[in-house]
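Down below is the structure, laid out as structure tokens.
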Amino acid sequence: MAEKSFKYVIVGGGVSAGYAAREFAKQGVKPGELAIISKEAVAPYERPALSKAYLFPEGAARLPGFHVCVGSGGERQLPEWYAEKGISLILSTEIVKADLASKTLVSAAGESFKYQTLIIATGSTVLKLSDFGVQGADSKNIFYLREIDDADQLVEALKAKKNGKAVIVGGGYIGLELSAVLRLNNIEVNMVYPEPWCMPRLFTEGIAAFYEGYYQNKGVNIIKGTVAVGFDTHPNGEVKEVKLKDGRVLEADIVVVGVGARPLTTLFKGQVEEEKGGIKTDAFFKTSVPDVYAVGDVATFPLKMYNDIRRVEHVDHSRKSAEQAVKAIFASEQGKSVDEYDYLPYFYSRAFDLSWQFYGDNVGETVLFGDADPNSATHKFGQYWIKDGKIVGAFLESGSPEENKAIAKVAKVQPPATLDQLAQEGISFASKI
């Protein structure tokens with residue numbers, strides 16, 4: 001097969017790729033210089049929609065409605081946008097071999113792609129129950145959610161199993177968002193997770209108590225402290241029951257699993273320096289290999305604010321890291337420099353009529369403020385994290401745009417404060433900064 005050659009290649013077609021393409025266009029990339037190689041069949045889209053509006057029973061989101069960069073208020077980049085800019089969008093093409101020394105990528109179909117500068121934007125893949133040897137984990141109607149194909153299969157199952165029973169395995173992002181959207185579809189939901197409370201990587205027990213109570217009020221049955229150890233099926237291979245470690249058996253027409261993800265770095269193993277499960281980069285997303293950059297979920301980068309190096313799995317960082325890498329590529333070509341990446345960690349979620357945002361670092365002592373009663377009509381509450389006498393993190397449920405900006409600012413500025421002061425003042429403390 002003929003070899004194709006490009007000045008710049010982005011491997012991976014997710015959020016990072018789409019935002020990188022926009023920055024390439026801003027920087028004046030010439031027609032024919034840039035290619036995006038993606039194993040998905042569609043142009044880059046805003047992945048968070050898949051666990052939210054894509055699954056709504058009415059008024060559901062569909063492509064082309066949520067191609068990047070609409071998620072951050074930008075222009076919607078349809079396939080025609082790439083064509084107009086002279087960017088090659090090479091879809092349904094999985095790269096199976098990367099030789100960084102010879103600057104060559106090879107696809108599953110045997111095509112070769114040469115590049116001068118590579119951006120690794122391969123993202124993450126879901127952890128599957130079959131990875132842990134769970135019995136019956138390959139039964140039909142057990143779903144994972146990462147790509148649009150996964151969401152389409154789940155939509156079909158929801159139609160086929162109207163008013164049926166679902167078991168959600170996992171109490172993190174996917175578990176909470178999918179439990180909510182399945183209830184909107186009038187599906188009976190059991191949510192199962194081993195931890196003592198939901199979203200334990202971010203939520204404290206106090207925050208989690210609100211969401212667990214609220215979800216139970218919405219009809220989600222929460223089962224904590226146990227895991228799925230096996231699945232029984234109907235004769236047609238579809239899942240029928242979920243067996244739990246504590247001996248309970250749950251009926252299920254549909255199972256959705258959200259037990260975490262791992263970054264897709266296998267192609268580059270032994271060729272680039274790795275750290276903390278990702279590809280190690282500097283503050284410009286350059287890896288240990290010249291002309292190779294890594295962005296989004298796969299990058300382990302310096303988190304300047306905390307004098308630490310971390311890997312961040314979130315759409316906000318996927319967007320911003322991609323833009324930073326492209327700016328750095330063009331600056332280095334022109335003998336100029338760009339500022340180091342100075343990222344403020346940011347996470348958010350929306351479910352039912354809830355919407356929370358978190359900024360900063362969830363370490364140190366905590367203080368909960370506001371109305372965290374799950375039965376309350378207002379349910380506006382938040383939490384601060386204090387370390388060494390300074391605020392390092394802030395969380396807010398049901399905040400206004402101004403209040404959300406205020407908690408972002410307080411996490412960035414890190415003003416001194418006491419727990420008593422914050423308990424008394426609540427959100428008004430952040431609003432004064």
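The values are calculated or read from the model by the stated rules, or taken from the named source; none is laboratory data. The structure displayed is predicted, hence computed values, not measured ones. All Cβ positions, even for glycine, are placed from backbone atoms using ideal geometry, and neighbour counts span all protein chains on display. These area figures cover heavy atoms from the full protein model, side chains too; ligands, DNA and RNA do not enter into them. Shrake-Rupley method; radii C 1.70, N 1.55, O 1.52, S 1.80 Å.
Some points to look at:
- Pairs of Lys residues in region 76-222 are counted when their Cα atoms are under 22 angstrom apart and they lie 8 or more places apart or on different chains; the count is 13.
- Averaged over residues, the count of other Cβ atoms within 10 Å places the peptides 384-396, 107-119 in the sequence 384-396, 107-119, highest first.
- Loop-located GluC sites (Glu not before Pro) in region 300-367 (DSSP state other than H, G, I, E, B) with a sparse environment of at most 16 neighbouring Cβ atoms within 10 Å: Glu340.
- Charged-residue dipole, Cβ positions (Lys, Arg, Asp, Glu), the chain about Cα centre, Debye nearest 20: 500 debye
- Carbon plus sulfur fraction of accessible area for region 341-427, probe 1.4 Å, in percent: 50 percent
- 3J(HN,Hα) along region 256-268: 10, 10, x, 10, x, 9, 10, x, 8, 10, 3, 4, 10 Hz, from the Karplus curve 6.51 cos²θ - 1.76 cosθ + 1.60 with θ = phi - 60°, whole Hz, x for Gly and Pro.
- Accessible surface for region 326-433, divided over its residues, is 47 Å² per residue with a 1.4 Å probe.
- Kyte-Doolittle mean at least -0.5 and Cα axial length at least 20 Å: DSSP H helices in the chain: 315-333
- Built amide H within the under 5 Å cut-off of Ile279, gap 5+: Ala299, Thr300
- Mean Cβ neighbour count within 10 Å, used as a protection proxy, ranking 290-296, 37-43 highest first: 290-296, 37-43
- Farthest positive-ward along region 65-205 dipole, Cα basis, beta-carbon charges - from Ser179, Val126, Tyr82: Ser179
- Surface composition of region 1-156: carbon plus sulfur atoms contribute 49% of the solvent-accessible area (1.4 Å probe, protein chains only, all chains present).
- Relative contact order (%) - region 138-226, alpha-carbon pairs under 8 angstrom, separation at least six: 26 percent
- Region 135-196 shape via C-alpha gyration tensor axes, a/c threshold 1.5: rounded
- For region 228-309, the solvent-accessible area with a 1.4 angstrom probe is 44 square angstrom per residue.
- All aspartates and glutamates inside 12 Å of Lys224 as judged from Cα atoms, apart from same-chain residues fewer than 8 positions distant: Glu195, Glu212, Asp246
- Where region 1-143 is the region considered: accessible area per residue in Å², 1.4 Å probe: 42 Å²
- Surface share of carbon and sulfur [accessible, 1.4 angstrom probe, percent] for region 173-245: 48 percent
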